[in-house]
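A short worksheet on the structure shown next.
Any read-out appearing in this document is the output of simple, stated calculations on the displayed coordinates, not a laboratory observation. These numbers were taken from a predicted model, which means no experiment stands behind them.
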Amino acid sequence: MRDTVAALFHEALAAAAQAGEIALAELPEIHVERPRDPAHGDWATNVALVLAKSAGMNPRALAAVLAARVADHPDVAAVEVAGPGFINIRLSASALQRVLVEARTRGSAFGRIDEGAGRRVQVEFVSANPVGPMHIGHGRWAALGDSMA
């Protein structure tokens, strides 16, 4: 869902630049994260704060332009500008339902990615000191690393 929300803001930036609402030399990578407080929505971005200087705009004004662009999207239930220029977004019930249907359909494969395309990698996770004694921490990291690899 993070990628979907980031793409939504990327499209909003491109559309706002195309319409002449903002001046951008290039479209940046957009970082979206979960807010610390769930009352602030499902996702948040600081893209307006990051771009304000290069766009020559006040961060809150830039955030308002982007918020207006994403507010009409069917996956968005609510969007608000907060603080100095953060944008908080709450997803619609239909967007969340799609994720649940996908999770149920894909089962244990849900959330898996094919990063690396089958290439083998070596993962070092114990990193025991060859001249020092082993301790309980080495065992803990060995178990964790083995389960992840």
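General observations
- In this entry, the stretch 6-103 is assigned a mean projected area of 6.3 nm², taken as a quarter of its C-alpha convex hull surface.
- Adding -39500 (n - 2.57) for every DSSP H run of four residues or longer, then dividing by how many residues the chain holds, sets the calculated 222 nm ellipticity at -14000 deg cm²/dmol.
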